[in-house]
Amino acid sequence: MAPPFRRLLAAEIVVAPGVDTDSLGTFSGEIPRKDGLVETALMKAELAFDTLDVDCAMASEGSYGPIDRVPLQAGGVEIMAFIDRRRGLRLVETMSTHRTNWRMWRFRPRDPSLPMAARALGFPEHGVFVMRNSDYSEPVKGLETLEQVTAAVDREAARSDDRLALMIADMRAHRNPMRMKVLRALGGKLARRLGRLCPRCTAPGFGHIDSRRGLPCEGCGGPTHCIDFEIDGCSACSHAVVRVRRDGRRMASRLSCLPCRESLLGARHS
Ligand SMILES: [Zn+2]
Ligand SMILES: [Zn+2]
């Protein structure tokens, strides 16, 4: 996070001491709603004010897991919240990604495929957790060598009701270089946004706040699900401006329009 903030904003990042973010929830095995992630990230950022006398704080929150529609494919979303309590700013930037080593594997004791699976997760550069398949409440963390991972898998499998151990990628950012890369990119996005000042009140962070759908259909002029225009806004003074689509399109294709598409396909079938 530090390099883009230093380069683009001449801002220095300091890590807040004594913040226990685990109190806001840890590994749960399921993907929470994005709204939940945004709330948690903002609450995390607020925690920094307990131990640091600063105007601004930020925190990140991420969630990774399988993608429902794409078998064997994982993805995730990273959220970064920024608060400037003096100006009353609360900003959130997000980034979706398919770049992740998120995976889970189940093993019986002494499974010969364990070393290859660990390497596929990026171990030892990327961390792994091992836990009983019947109970996720006590993950074994801090495993540094393949011998330690093997011993943990054998032990946890033996303790599990179904004699299986679960090995999962450690998604904590400090043990996951792929997450670090995504967070670095998101940090750059947030720093660039903070570099844009509101044209009315000059507060930092002027940028995209909403997209309106309903781009008119070229055939019937009715609204489609395509984005019609974007709205840039200020989170301090609520000034907002409408911005046309970057690609300059003012009409949607008839294929994006439900009534027109049905009559087009209907004509083709008859
Ligand atoms: Zn139409
Ligand atoms: Zn403003």
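General remarks:
- At R0 = 45 Å, FRET efficiency that the Cβ-Cβ distance of Leu264 and Arg192 yields, to 0.05: 0.60
- Tail fraction, Cα-Cα pairs, the range 27-142, threshold 20 Å, whole percent: 57
- For the chain, the mean residue ellipticity at 222 nm estimated from helices alone is -9000 deg cm²/dmol, where every DSSP H run of n ≥ 4 contributes -39500 (n - 2.57) and the total is divided by all residues, rounded to the nearest 500.
- Computed over the range 104-169, the range of Cα coordinates on each principal axis works out to 30, 24, 18 Å, biggest value leading.
- Using R0 = 41 Å, the C-beta based FRET efficiency linking Ile13 and Ala151 works out to 0.60.
- The peptide list 39-48, 108-117, put in order of mean Cβ contacts within 10 Å with the highest first, becomes 39-48, 108-117.
- Checking Cβ-Cβ separations below 4.7 Å across the chain identifies Cys56, Cys220, Cys226 as cysteines lacking any candidate disulfide partner.
- Computed from the Kirkwood radius of its Cα pairs, the Stokes-Einstein diffusion coefficient for the chain at 10 °C and 1.306 mPa s stands at 73 µm²/s.
- Sites Arg69 and Ala185, calculated FRET efficiency, Cβ-Cβ separation with R0 25 Å, nearest 0.05: 0.55
- Remark: the range 104-169 carries a charge dipole of roughly 140 debye about the Cα centre, counting +1 on each Lys and Arg Cβ and -1 on each Asp and Glu Cβ.
- Along the range 126-138 the Karplus relation, 6.51 cos²θ - 1.76 cosθ + 1.60 evaluated at θ = phi - 60°, assigns HN-Hα couplings of 9, x, 10, 10, 10, 8, 5, 5, 8, 7, 8, 7, 10 Hz to successive residues, with x for each Gly and Pro.
- Mean shadow area of the range 51-97, taken as a quarter of the surface of its Cα convex hull (nm²): 4.2
- Hull volume per residue, based on the alpha-carbon atoms of the range 207-269 and their convex hull, is 72 Å³.
- Look at where the Cα atoms of the range 138-196 and of the range 83-111 average out, and the two centres are 11 Å apart.
- Counting 0.36 nm for each residue step from His239 to Arg86 and taking away their Cα separation leaves a gain of 53.2 nm.
- Fraction of alpha-carbon pairs over 23 Å apart in the range 117-270 - percent: 65
- Listed by chain and number, the aspartates and glutamates whose C-alpha is less than 17 Å from the C-alpha of Lys44, apart from same-chain residues fewer than 8 away, are Asp20, Asp22, Asp35, Asp53, Asp55, Glu61, Glu78, Asp84, Glu93.
No lab work stands behind these numbers, since they all come straight from the coordinates. Keep in mind the model is a prediction, meaning the values are calculated, not measured. A quick note on method: Cβ atoms are made from the backbone with ideal geometry, for glycine too, and the neighbour counts reach across all protein chains shown.
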